[in-house]
Amino acid sequence: MISEKAKNISPSITLEIGGKVKTMIANGEKITNLTLGEPDFFTPSKAKLAGIKAITDNLTKYDLSSGNLELRKAICEKLESENNIKYTPDQIVASNGAKHAITNAAFAVINPGDEVIIPVPCWVSYPEIVKLAGGVPVLVPTKKENSFKMTVEDAQKYITEKTKMVILTNPNNPTGAVFTKDELLSICEYFTKKGIIIMSDEIYESITFDFDFVSVASLSKEIYDNTIIINGFSKCASMTGWRLGYSACNTEIAKSIASIQSHMTAHPSTISQQAGIVALRECKDDVLTMKNTYKQRRDYIVDFFKNWGKLEIIYPQGAFYAFIDISPLKDKLNSDKLSLKFCNDILDKEKLALVPGAGFFEDDFVRLSYAASMEEIKDGLEKIKHYVENL
Ligand SMILES: Cc1ncc(COP(=O)(O)O)c(C=O)c1O
């Protein structure tokens, strides 16, 4: 009954823990939940009001399938003023979230059997999206010592004649690492020279703490032509439920993305698109406030692990995740599924929910999301300490 394509999709390893957390909460247990991949802020008021106004103004009919023109103009303004890259609206396609933009782009460029380089640890959906598009995900291990940021050396041995695309995530989920301009230039020049398309997922770009974010497409004219930028409103403007994202790329690929989208979903909700315009043009202060709050939490977490000294984290420079190295606990936990064992155990004993690194293809780590209140974060950190010290 089920297609080979659907059968080929792996269920999320993190669902097991997620299901358990939901059941425990439903049973009335109090859980400190640091698993969430979405901001703990409300959507900025001005954006919300723009959504309400869109309804009362009857902006509730079909629009252009690549997205509302004013929204695409606002995206171009943002890319020019914040990222120093010039695009025209015909290079932009607004989609139902960044996940949808990634899927559209994968369908636009991947032929059956094409290989796609994905540095791991990585966000769970990339390999499955690549498979759905008929491609072959090639997972490339990276080094902990380099905060899991892929280098040319890491990638080289995985390049074949079939390599069509590479997916970069900057800032990174799950590691929180951010590429410097030099690191980015080195790998992007390499892939561009080889004619391998770069898909750069920049959805966490507004949440960087230590140096200015650099968009891949701003690096050089050649890299710009070779890159599909993915971005969206879920993380920067706390608009996860509005389902709004976009791609920016050369007109040839953009046309193909628009054509695919026109047959699959047409365009994102007109209401969300009106909210998106206002989020881009009028909510910069809200975005900054959120970033500053994440930074305070990040600093607290970094200090906690430094002072405690028993476990280490990848130094988080962006997004809202701390990736915790649990490899020193291998002997004590004695499991070939280390991160699952850790997460199950700490959930049972301490009522703390974290995401096992195995879900991101890195079993020696677990992910803590600090898209949560300071109180919950402090509570979660104390629970980790208590659990580890009593193993
Ligand atoms: C790296 C990365 N890309 C894309 C997405 C999807 O974002 P959206 O809500 O816009 O589909 C997420 C969500 O967790 C993510 O972490």
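Just one of the numbered conditions (1) free of Cβ contacts under 8 Å to residues at least 60 places away in the same chain; (2) surrounded by fewer than 22 Cβ atoms within 10 Å (Cβ to Cβ); (3) over 19 Å from the mean Cα position of the chain (by Cα) is not true of Ile85; which one?
In the conditions (1) free of Cβ contacts under 8 Å to residues at least 60 places away in the same chain; (2) surrounded by fewer than 22 Cβ atoms within 10 Å (Cβ to Cβ); (3) over 19 Å from the mean Cα position of the chain (by Cα), Ile85 misses (1) alone.
Keeping to the stretch 214-234, report how many residues are more than 28 Å from Ser269 (Cβ to Cβ) and either within 16 Å of the ligand (Cβ to nearest atom) or in a helix (DSSP H, G or I) (or both). Give the derivation first.
Pass one, the stretch 214-234, residues more than 28 Å from Ser269 (Cβ to Cβ): 214, 216, 218-226.
Next, only the ones that are either within 16 Å of the ligand (Cβ to nearest atom) or in a helix (DSSP H, G or I) (or both) stay: 216, 218, 221-225.
Residues that pass the stated criteria total 7.
Six or more apart or on different chains, Cβ atoms under 7 Å: show the pairs whose first residue is in the stretch 192-214 and farther than 18 Å from Tyr246 by Cα and hydroxyl-bearing (Ser, Thr, Tyr) and whose second is away from the ligand (no atom under 14 Å from the Cβ) and assigned to a loop (DSSP other than H, G, I, E, B).
What qualifies is Thr192/Asn226; Thr208/Gln317.
Which fully enclosed strands (runs of 3 or more DSSP E) of the stretch 88-207 have 1 or more residues being within 24 Å of Ala319 (Cα to Cα), within 13 Å of the ligand (Cβ to nearest atom) and at pLDDT 95 or above? I'd like the intermediate steps shown before the answer.
Numbers: elements: 92-95, 115-120, 136-141, 163-169, 197-201.
Once the strands (runs of 3 or more DSSP E) in the stretch 88-207 are filtered for at least 1 residues that are within 24 Å of Ala319 (Cα to Cα), within 13 Å of the ligand (Cβ to nearest atom) and at pLDDT 95 or above, what remains is 92-95, 115-120, 163-169, 197-201.
How many residues does the stretch 73-87 contain that are part of a helix (DSSP H, G or I) and either among the hydroxyl-bearing types (Ser, Thr, Tyr) or at pLDDT below 95 (or both)?
In the first step, residues of the stretch 73-87 are kept if they are part of a helix (DSSP H, G or I); the result is 73-83.
From what's left, either among the hydroxyl-bearing types (Ser, Thr, Tyr) or at pLDDT below 95 (or both): 81.
The total comes to 1.
Show the residue pairs that are 6+ apart or on different chains and have beta-carbon atoms under 6 Å apart, the first residue being within the stretch 177-190 and in contact (Cβ under 8 Å) with a residue 40 or more places away in the chain, the second being among the small types (Gly, Ala, Ser).
Ala177/Ser147; Val178/Gly318
The values are calculated or read from the model by the stated rules, or taken from the named source; none is laboratory data. Quantities reported herein were computed from a predicted structural model and do not represent experimental measurements. When we count neighbours, we look across all protein chains shown, and the Cβ atoms used for this are built from the backbone with ideal geometry, even at glycine.
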